[in-house]
1. Straight-line reach only, C-alpha to C-alpha below 28 angstrom: list the lysines that Lys76 could link to, leaving out same-chain residues fewer than 8 apart.
2. Once you treat every alpha carbon in the range 46-100 as an equal point and sum by Debye, what is log10 I(q)/I(0) at q = 0.27 Å⁻¹?
3. Straight distance only, please: which aspartates and glutamates reach the Cα of Lys36 with their own Cα at less than 17 Å, same-chain residues fewer than 8 apart left out?
Amino acid sequence: MTPFPTPQLTTQMAPVAPLPFSLADRDIQAIVDAYKEEPGNPKYAFKYLLLSVTDPQHRVKPPGVSEIMWAEAMAKLEGMDSADRERLWPQLVQVCLVSD
């Protein structure tokens, strides 16, 4: 016997609501959503911003572009010389996946 007895620790866990679907199902759904080529799908993974010659009246942030993508494109644009900044603007390009 030890001179210092070890007290028993007890814990009680709060009840946890069951997930409506498994984590694996959620991960699979995220992959499926990334491939859905639907207009306005914010989870579509195959979209890019390319700098293109654009008229000043059409220089707006394209719909469906995340704030992160937009900030990265604008940072690239700001790093260019002034002649290019006056002509170029980020344009959204979505890659169409074709299956045989």
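Bear in mind that the values in this text are calculations on the coordinates, not laboratory data. Since the structure is predicted, the reported quantities are computational estimates derived from the model, not experimental observations.
1. Lys43, Lys47, Lys61
2. -1.14
3. Result set, ordered by chain and number: Asp25, Asp27, Asp100.
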